[in-house]
Amino acid sequence: MLIKSITLNNFRQFKGKQKLVFSIDANQNVTVLLGDNTFGKTTILQAFNWCLYGIADFPKDSNPDFLLNLEVANEQSGIQQKCEVYIELILEHKGTEYIVLRKQAYIDRAYGNWNALNSQLTVSYKEKGITKQVREGEERNVINSILPQSLSGYFFFDTERVSDISTRKDLSEAVRGLLGLAAVGNARKHLGSRTQKTTAIGQWSHSLDSGGDDRAREAKETISREADKIEALKAEIENAEHELESLNNKKEKIAEILRDNQSTAELQRKKQDLEFLLESERKELDDSNKNFLKMFSSNATSYFAVPLIDQALGFLKNANVDDRGIRDMTEASIRDIIKRGRCICGTPIIIPQDGNLGNKAYQHIIDELNYVLPAHLGTAIMSFKDLVTMDQRNIEQFYSMIDHVYKEILKHRNAIARMEDDISSIEKSIYGKENMSSYEEDMNNIKANIKRMIDKKERCNREIGACENAIDSAQKVYDGLVAASDRNRRLIIYLAYAEKICNWIDESYAEKEQEMRSRLQENVNDIFSKMYHGERRVQIDSQYHVTLFAQLNGKEVITGESEGLKRVKNFAFIAGLVDLAKAKASMGKNNKAIEWENEAYPLVMDAPFSNADETHIKNISKVLPEIANQVIMFVMEKDWQYAETVMNAHVGKYCTLKKLSESHTEIEG
């Protein structure tokens, strides 16, 4: 695959129609586009993705879904006015020239309220000088056959924004396609199996005549029924895998946000904890205030009367107190006893009348009137002293209790003041930053959904195993019953040959894929050693994830990776993949091997030297032109100065970006 040119029309800051032609010379295979930050380098990279796959990943704060140039939108505004954005990409793949054109129309609904219509994709190709258009609906299949979207992020490479290879989804299918194994896989899918009705083997199996035999018919129905179940379960697994892919992508993005904002998240959690404690502290302060007021209301009068009581007791200390009176006895009580005519002890009381002076009991009780209030001050003083003594005991307890409560109030007030200061300080630190708690909640939900999808896949696989066992049992019964007729014998022979081929493909395919992965790992390690000035080893697993190992105390351990090291690792993987993709592919052993040619791929890179030091830049610059058949890089001049001395001999085309305004950039050269 070679990219000949890209044309941008009103795409983001590229106003009007602007064309960028790339070098396709075999020796001078590098095109360099120079431009500083915000000049539009990333926009051109995203133009490739949008043209081919309908996806453009721009920053959230730049109105990412609006592709129309802002100056054009302003100049052409008016009700029902229309403007068009398009990208045209011309490339060559396996000797055929393709023209990929994606258009996006915009219509102004109300003086600057531009609405996007559905984008239109057309793919055409040249055959013997005649341009032909790919049938409608097949455009995406053609594009993915040229470059799978799942691998496009490594060939249209945004160095500063692409995720680490070791965290990407399963790349095995896409890598197999690039390494020439897809055709064999497609042949295997075409042959299929007896349980897949639309495949060759499935159709032959379905054509076998059961001859009306009930047992054969029942076995055939079992096979068909269980096969349908398997297809439904596989569809469930496929849906679960798509969902897992989407969930893992979301998980990766949120994890990156959380990593980038870890300190903010910790401060927000601390703020939430402080707010919870503050609310509790305020409640306790409120309870303490209520308790203080209640105690004060009940005892404050006695407390403030203490000096007066002390004076009164001092005054009454030497008073002659006659204590012959009965405490709390009143004149009214004595009069009631006399009126009743009998003392409380039962003695009769005779009231004086008709010259009779009454009895002794009467005289005694009358004498008591001399010792009750207000007639007898001594009794009153004695009652007063008893009352004051009781108040003094209560007041002693009151002071210690109210002092304790007041100290509690001060403690709560001080704690509240400290917490409010801490919260205010945190709020200043995180002002204007996103709330990480919502991201953490999203992450927990995503993890739960990932587990649910994994459980679903495991359940479906278990059920598929049970269905396959049922099919095997029914197939043995069916094969034994239908082998009688000549036609069935021929079909059985076809099936035997086809299934033998399938077994050969299965065995050879697995062996070949392992061989290709080993060769890829060897290539990547060789390239990594040329790019990296250190001693580490690359390991590639079955899903083509890349991990770095280093020697520590005689053992290999997984190492931490700086951003610069991740860039070198990513470059090594891509360069190794590109290099291996150019090699001739084969299947089988020795003289029985089937061989075919593969296609080489270009590398289109934005900021390829980001986070790399001078040594790494020079090492990368030396390797890439030798590995890839075409290199297109968008780079800042400050980084290019290190690469130029190494790469200049390979450069076939120089271009620059000239920024006229924030919404208008011109391509020069």
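The values are calculated or read from the model by the stated rules, or taken from the named source; none is laboratory data. Just so we're clear, the structure is a prediction, and the values are computed from it rather than from any experiment. For neighbour counting, all protein chains shown are included, and Cβ atoms are generated from backbone atoms with ideal geometry for every residue, glycine included. Please note that ligands, DNA and RNA were not included when accessible areas were found on the heavy atoms of the full protein model with its side chains. Shrake-Rupley method; radii C 1.70, N 1.55, O 1.52, S 1.80 Å.
Residues in region 106-122 that are buried (at least 16 other Cβ atoms within 10 Å of the Cβ) and in contact with a Ser or Thr (Cβ under 9 Å, 6 or more places away or on another chain) were compared, and the one that is nearest to Ala47 (Cα to Cα) is Trp114. Residues of region 54-81 that are farther than 21 Å from Ala607 by Cβ and either of a type in the set (A, V, I, L, M) or within 30 Å of the chain's Cα centre (by Cα) (or both): Gly54, Asn63, Asp65, Phe66, Leu67, Leu68, Leu70, Val72, Ala73, Ile79.
Of the residues making up region 329-354, those that are among the polar types (S, T, N, Q) and open to solvent by 100 Å² or more (accessible area, probe 1.4 Å) number 1.
Comparison of Phe66, Phe48 shows that the only residue that is of a type in the set (A, V, I, L, M, F, W, C), assigned to a loop (DSSP other than H, G, I, E, B) and open to solvent by less than 50 Å² (accessible area, probe 1.4 Å) is Phe66.
Within region 452-464, does at least one residue satisfy the condition of being basic (Lys, Arg), open to solvent by less than 60 Å² (accessible area, probe 1.4 Å), closer than 30 Å to Glu252 by Cα and modelled with pLDDT of 80 or more? Checked region 452-464: at least one residue is basic (Lys, Arg), open to solvent by less than 60 Å² (accessible area, probe 1.4 Å), closer than 30 Å to Glu252 by Cα and modelled with pLDDT of 80 or more. Summed over region 587-611, residues that are surrounded by 15 or more Cβ atoms within 10 Å (Cβ to Cβ), modelled with pLDDT of 60 or more and at negative phi total 12.
Listed by first and then second residue, the pairs with beta-carbon distance under 8 Å, at least 6 apart or on different chains, first residue in region 553-576 and farther than 14 Å from Arg537 by Cβ, second aromatic (Phe, Trp, Tyr) and outside any helix (DSSP H, G or I), are Asn570/Phe157; Ile574/Phe157.
Name every residue in region 169-194 that is at pLDDT below 75 and open to solvent by less than 50 Å² (accessible area, probe 1.4 Å), in order of residue number.
From region 169-194, those at pLDDT below 75 are 169-183; that's our starting set.
Answer for region 169-194, where residues must be at pLDDT below 75 and open to solvent by less than 50 Å² (accessible area, probe 1.4 Å): Leu171, Ser172, Ala174, Val175, Arg176, Gly177, Leu178, Leu179, Gly180, Leu181, Ala182.
Of all the numbered requirements in (1) open to solvent by 50 Å² or more (accessible area, probe 1.4 Å); (2) over 44 Å from the mean Cα position of the chain (by Cα), Ala219 misses one, and that requirement is (1). The single condition among (1) among the aliphatic types (A, V, I, L, M); (2) assigned to a helix (DSSP H, G or I); (3) open to solvent by 20 Å² or more (accessible area, probe 1.4 Å) that Ala575 does not meet is (3).
Matching residues to (1) crowded, with 18+ Cβ neighbours inside 10 Å; (2) closer than 30 Å to Gln630 by Cα:
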site	(1), (2)
Ala466	no, no
Ala498	yes, no
Arg519	no, yes
Lys569	yes, yes
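From the residues in region 11-34 that are open to solvent by 20 Å² or more (accessible area, probe 1.4 Å) and not in a loop (DSSP other than H, G, I, E, B), which one is nearest to Val635 (Cα to Cα)? Going through the qualifying residues, I end up with Leu34.
Can you spot a residue in region 285-306 that is under 30 Å from Tyr431 (Cα atoms), surrounded by 14 or more Cβ atoms within 10 Å (Cβ to Cβ) and in contact (Cβ under 8 Å) with a residue 60 or more places away in the chain? Yes, region 285-306 has at least one match.
Residue count for region 183-230 satisfying the condition of being closer than 23 Å to Tyr509 by Cα and not in a loop (DSSP other than H, G, I, E, B): 12. Only one entry in Asn289, Asn249 is part of a helix (DSSP H, G or I) and more than 17 Å from the chain's Cα centre (by Cα), namely Asn289.
Being within 36 Å of the chain's Cα centre (by Cα) and either hydroxyl-bearing (Ser, Thr, Tyr) or modelled with pLDDT under 90 (or both) is not true of Asn629. Scanning region 17-42 for residues that are in contact with a helix residue (DSSP H, G or I) (Cβ under 8 Å, 6 or more places away or on another chain) and either under 30 Å from Lys582 (Cα atoms) or among the small types (Gly, Ala, Ser) (or both) yields a total of 9. Does Ile409 satisfy being more than 60 Å from the chain's Cα centre (by Cα), part of a helix (DSSP H, G or I), surrounded by 14 or more Cβ atoms within 10 Å (Cβ to Cβ) and modelled with pLDDT of 75 or more? When the stated conditions are applied, Ile409 does not pass them. Name the single residue that is modelled with the highest pLDDT among those in region 244-301 being among the hydroxyl-bearing types (Ser, Thr, Tyr) and under 30 Å from Ile395 (Cβ atoms). Checked region 244-301; the qualifying residue modelled with the highest pLDDT is Ser288.
Restricted to region 347-378, and to residues there that are of a type in the set (S, T, N, Q) and modelled with pLDDT under 80, the residue that is nearest to the chain's Cα centre (by Cα) is Asn370. One residue stands out among those in region 69-96 that are closer than 19 Å to Gly112 by Cβ and among the acidic types (Asp, Glu): the one that is surrounded by the most Cβ atoms within 10 Å (Cβ to Cβ), which is Glu71.
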